[in-house]
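The values are calculated or read from the model by the stated rules, or taken from the named source; none is laboratory data. Quick caveat: nothing in here was measured; it's all calculated off a predicted structure. Every residue, glycine among them, receives a Cβ derived from its backbone with ideal geometry; neighbour counts consider all protein chains shown. Accessible surface is based on the protein model in full, side chains and every heavy atom, while ligands, DNA and RNA are left aside. Shrake-Rupley method; radii C 1.70, N 1.55, O 1.52, S 1.80 Å.
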Amino acid sequence: MTQTNLIKMVQNKPKDFLISLETLDSNQVTQDSNPHTPVTIRGKNAPKGQLNQVLPGPRPNADDYSDISSCGGDDSDREEREQTKTRNCHEDLIRLWKKREKRAKEPAQPGVVGGKEDQGREYSGSLHKSRFKTDRHGQNLLHTLAKERWMDIPQGARGYLQQLILEQPMILERPDQEGKLAILEAAQKLPSLLFLVCDLVIPDSICDELKASVLPCKHCPLLKIQEILRARKIINIKQSTFNKATDSCLHTDVGEVKIEELLRLDKSLRASLTNILAKNQRARDILALLLNANRFDPAQKPNMRLDSFRLLLSLSPEKTFTSPVGTTIPNDKPNNLLQQAADLFSQSSLDYQLLHECIQALVKRCPASIFYTTNAKTPDGGGPTRPSNIYRKLSELTKKLSAPGHKSYVEKTRDLIKSECIGYKGPLATDTGTDKNAMWVRKKEILYWDRKTEKKLSLNLEGESVAIDQDYIRITFDRANMKLETVLESVCLPYWNPAGAGRCLSRKDRLRSITPKPLIGFLDPYVEVFDWLYKSAKVTKIFSLEVNDDGPSPHTNRGIRKALAGVDSEDDPPTRDFNIEVWKWKKFDISIDTIAKVAPQAHEVHLFSSGNKTVLQGWSCKDGLGQLKGLERLFVHISPTNSSDKQDCEEYEARFKERVTKHCHHLQLADISVTIHDDNGDQAKSGAIITKNSTNLGSALHLNGPMPKKAEWIEELKGYKSFIKNFDLVGAKEPSVKVAILDDGAKLADLEDGVQLGETFRLDKAEFFVGPCEHGTEMALCVREIFPDAELYIARLDDSGQTEPNKRFSIASCVKAFQWALDQDVDIISMSWTYEMKDGDTHKAEFEALIKKAVEGNKAVLFGSLPDKGPNLPIENFSPVGLNGVIKIGSATHSGEVVKDNLHQRSDFILPGEDIEISSGLKRVSGSSFATAYAAGLAALVMYTIKVWGIFDQKDGAEVLRIARKSEGMKRIFRALSSGIVSENSNVGPFVRPALTVLKAEDSVVGEDAERGQLSKIIHNLFTTQMRQDLGKIDGSLPLRQR
């Protein structure tokens, strides 16, 4: 095209001229700031030999495009011309911004581009009129701008774009013909445009301040909003300038403040952003585009804007954070946003502090996203996929990193995830049942992928029946071998000295009739508890603290400070902080100064008042609850002692709430609950809360009269136990045998000189050693009486009756406890209880299938006790004893006769269980449950013997141990240890007499060779050649029920 033709086209056919400009691929039509400067055409499509031809006369101004619409043609032609004009206007505007950015001769001012001669051109003529219009591709100005791959938006364009968005926020919602939104493209190519939009949204905290401002403001919120909002004359300033750094109030320094208009604009912009983020998972896509390495690379611009990121999180729907964002590995479940962000830690040279803060914002917005799991390859990459989660990823990454700075941020983020996981109380999308323990299970699945490494997430001593003092802590805590997490979901402590309770004494001290020291004048015992938590258990955070301290000797304020802050005086700085979030220490009329000292971050506080109005006035003043800056919920329980105090409290309640909300800015009236109990004492100081414990288990028979001798066979075992215990292991590590006792817990003061661990499966999470625990303690003592070195794994079943009131223990807790025992790799599981099986029982099939799996896999030897219900109830109707693979144990007299209740019941073996001693003569008891515990102890002694043999003959030791772990194998061993011959038609199993059969200690055995010869003889008597051949043919596959 020649220069002359081009001039004629401009003059005679402006439409064709504009279309030609549209189709110039890389041409640039530029114009100097002087509107009379001739137009210059540059580019490959310029006339040959005229690459820089200058058209005479001025280039048509954008205002001149208005004549195009008056040209002839139909409506479609006019629309096309209008769209072309719009596109040219948008591009012209962007070119002006680029030129201004390049020249940068003068400081940028809001709404100005170019030099002085360009001022205001964006706001006048066709350029201004086209700002909301779209081109033939349906793209508006923001679409065109988002395609520009700038590192940042030119300074001169910011003010214009902000005004554009404020004037019509819906421009953000308009897609082009391909359905693309400008804001989505901006997240990928021009994030500074997205951040610019977010800057216009007023933060929630400032909105609240604007609504609630009491004039004059001490810290005026108007100083915190974007200056562009002032340019819209929402604030008319009386002075030409004002000092933003001062503490002056703009409400009084300006002529007019249109707060309603300001909030209306903010609401409109928020609505547009919310609409964008709510549809078609756009929020997920936008956030995923922002969470890439470039946004955290200090060498790349712009970096992530944390305030903008938080705003986008707050406006995004919940499903954004719990749904996948895409996959990088075929056939794998992809990451969610939280895991995508965490994966960035594997890259080097990023701003890890900023990345940590973004992850922190994600977790705060949706803590449930922590529980999202993916499929990941095994560490070597060759195994099958396994569930993975963000905590596991970060834990594995810390092992690989060596750079201290990089590693510290990964560890910091990992600890954040752990803390939020433990403290989470909300729902999970994966929950399908009503089991209250489901959340605990999910938390442990996230934190522990090896069940042996599990730690306790809470401490609950509610229901303890003895005084919790220094002796209790010394005896119980030391023997419990508790492994607590450094972050605890809750700590629940009862009144430290329950009515009628004595002090905690060890079994030896009770046998020696040692009189405990009186508790008169004893103060603040829980100082010792929290000392142990802080120093020994290394606990750094307690989400919820609940202490029942309403007895006659409550802790002092000084004692509470000492326990939780490590200091006596109010003036001394704390030496420790448990970061308590929920405060529920039931001490009447407690000092708020104490709470502020020991739990300054508490957002939920429970207060207990005796009805003293003066105390309520002190609580509600500025120096009272006003000290707790993060308080969000308040519960006040008032228990007046007389009707006059009650009436005073009722009359003061409204004033109390008003004063509290005035001084606690995060509290609304709806966040305060005041309960005034009756003055008849039923709701007042009621003493310690005792958790219900089922101790009447039916099998214990307490007798008076002279104590009989211990069962002879137990006494006879002393010689063999001494022989095997003192066996020379020639420097090898002493083997261990693990015995799990599934019962109602165990009193640790009675268990000495051994190792014991435990777990509770009660709904209230009361510890396995809390309360009477009478039956379980007796079972543990029986096991230890036969084999003192047994490592006990004590599983406390749920006997609260909350979910299955007609059963001694809930079947749900039996399932969990049994699985826990298997996870600990125990050798023996003792179950000295039964329940009648019914088809409608919840978890029945699950429990039966778990036992079947354990038997067929030779996971552990299982013992179950007969129900002692007489001949009319078939044993097949009872579990676990009626299930195949469980060795059935019945009670016998000292002379080896089966007790009458079990005469017509099928048993595999009978052991002493009638009129026997427990706890060295402290009581006499009867029942098959005791015989079962003795059987478990005897099996442990046999297992120990086999493991000692394995030290000297590894091959044979491994073979016989494999046989012993089979149900049928242990039955064969017990038959070898039994006396007499039992008819095949008899229901009653043989009476076990180990010391008279195989486990003998001969005085003539002296010397190392003789001892090994004796041990070899015992092994070969237990494991005959025929037995080895027979059991080698058994595959372990058995029917579920005993036929």
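Can you give the local net charge around SER967? Use residues other than it whose beta-carbon is closer than 12 angstrom to its beta-carbon, Lys and Arg +1, Asp and Glu -1. After counting each charged neighbour, the total is +4. The accessible area of ASP568, taken with all protein chains in place and a 1.4 Å probe, comes to roughly 60 Å².
Between ARG264 and ASN726, residue separation times 0.36 nm minus the direct Cα-Cα distance comes to 157.7 nm. Modelled spin labels at SER736 and LEU306, positioned 7 Å past Cα toward Cβ, are 4.5 nm from each other. For a paramagnetic label modelled on GLN1026 (point 7 Å from Cα along Cα→Cβ), amide N atoms under 14 Å away belong, within segment 956-978, to 972-973, 975-976. Estimated at the nearest 10 Å², the accessible area of ARG158 is 60 Å² with a 1.4 Å probe. Expressed to the nearest 5 percent, the antiparallel share of DSSP beta bridges inside segment 814-908 is 30 percent.
Taking 0.36 nm per residue of sequence separation and removing the Cα-Cα distance, the LYS147/ASN579 pair yields an extension gain of 150.7 nm. Residues SER348, SER408, SER929, sorted by accessible area with the largest first, give SER348, SER408, SER929 [1.4 Å probe; ligands and nucleic acids excluded]. Using the Cβ-Cβ distance between LYS364 and SER553 with R0 set to 41 Å, the FRET efficiency from 1/(1 + (r/R0)^6) comes to roughly 0.50.
The calculated Kirkwood hydrodynamic radius for segment 130-194 is 11.8 Å, given to one decimal from all distinct C-alpha pairs. For segment 762-901, the solvent-accessible area works out to 31 Å² per residue, with a probe of 1.4 Å and every protein chain left in place. Can you compute the modelled spin-label distance between SER610 and GLN168, with each label point 7 Å from Cα toward Cβ, in nm? Reported label-point gap for SER610 and GLN168 is 7.1 nm. In a fully extended conformation the segment linking LYS180 and LEU996 would gain 284.9 nm over its present Cα-Cα distance, using 0.36 nm per residue. Projecting label points 7 angstrom from Cα along Cα→Cβ for ALA845 and ASP753 puts them 5.0 nm apart. Only protein heavy atoms count here; on that basis, with a 1.4 Å probe, PHE761 has an accessible area of about 20 Å². Across q = 0.18, 0.19, 0.22 Å⁻¹, segment 769-909 modelled as identical point scatterers on its alpha-carbon atoms has Debye log10 I(q)/I(0) values of -1.20, -1.33, -1.63, in the order of the q list. Charge tally for LYS900 (other residues, Cβ to Cβ under 14 Å; Lys, Arg +1; Asp, Glu -1): -4. With R₀ set to 30 Å, the beta-carbon distance separating SER1016 from GLU712 gives a calculated FRET efficiency near 0.65. Per residue, the solvent-accessible area of segment 569-651 (1.4 Å probe, heavy atoms of protein chains only, all protein chains present) comes to 42 Å².
The GLU1008 and SER536 beta-carbon pair, evaluated with R₀ = 60 Å, returns a calculated FRET efficiency of approximately 0.90.
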